[in-house]
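Colleague: My questions all concern the structure below.
We did not get these values from a lab; they are worked out from the coordinates using the rules stated. All of these numbers come straight from a predicted model, not from anything done at the bench. Note that each Cβ is placed from the backbone with ideal geometry, even for glycine, and that neighbours are counted across all protein chains shown.
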Amino acid sequence: MKGLPIALLFLVAGCAGGNPPAHPHQASAPSSNDSAEVVGLLKNIYRWHAQDTGHGIDFDVIVKDSFQTGLNYDSFGRRFSALEQTHFFSASFLGNYRALGEKVNSKLVNAHPPLLNEINFDFQDSDPWTYFQDDFPDFWDQLTISDYRSAADSASLKWKVRTKDWSSEGYTVRFRKEAGSWKVDYLQGFDPAKY
């Protein structure tokens, strides 16, 4: 009988979060290992990004006669496949990434007058993965994490890198648990509102 109030407390706490999960029997409370897994995933994506030189840049544009004419779909396809093969990213992140590629292409194809080959998108000015303009080797080992929040199947945080005379801006990342594994669901530099 003593277990009933505790079970009732968990039931009430679970209902207070809004919509119930689609499969209540699969939901679980966040564990202490979740934060370590999330931070480990964050470091892994940045290691991968730094080492992934063979799959092109995220949104490589075609330039003809000094005008940007559209997205290079060959480069984009290689990059998208590389993202999928890491298994680091959620289905919604990948869908959003593909939609951003289409949006970039549409803006370039439909620009009147055509856009000159100069900075027109944030990703052409700085790396959308970090907002860095210069290389910063092994920065993922120097991350300062803040605003960490987690639930049973989601988490979010902000990270910065600080040196003795410089600090990056805060960068928001969100995660989602899919089929029992944490995946990156949102990176601030790939926010659709910025494109």
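Colleague: So for the stretch 61-77 (the condition being of a type in the set (K, R) and closer than 30 Å to E37 by Cβ), does at least one residue qualify?
Modeller: No, the stretch 61-77 contains no residue that is of a type in the set (K, R) and closer than 30 Å to E37 by Cβ.
Colleague: Scan the stretch 69-84 and give yes if some residue there is touching a residue at least 24 places away in the same chain (Cβ under 8 Å), polar (S, T, N, Q) and exposed (fewer than 15 other Cβ atoms within 10 Å of the Cβ), otherwise no.
Modeller: Looking for residues that are touching a residue at least 24 places away in the same chain (Cβ under 8 Å), polar (S, T, N, Q) and exposed (fewer than 15 other Cβ atoms within 10 Å of the Cβ), one finds at least one in the stretch 69-84, hence yes.
Colleague: Tally up the residues in the stretch 49-68 that are among the polar types (S, T, N, Q) and surrounded by 17 or more Cβ atoms within 10 Å (Cβ to Cβ), please.
Modeller: 1
Colleague: Are there any pairs, at least 6 apart or on different chains, whose C-beta atoms fall under 6 Å, with the first in the stretch 122-142 and closer than 19 Å to K158 by Cα and the second exposed (fewer than 14 other Cβ atoms within 10 Å of the Cβ) and of a type in the set (S, T, N, Q), and if so, which?
Modeller: Close Cβ pairs (under 6 Å, with a partner that is exposed (fewer than 14 other Cβ atoms within 10 Å of the Cβ) and of a type in the set (S, T, N, Q)) amount to S126/Q133.
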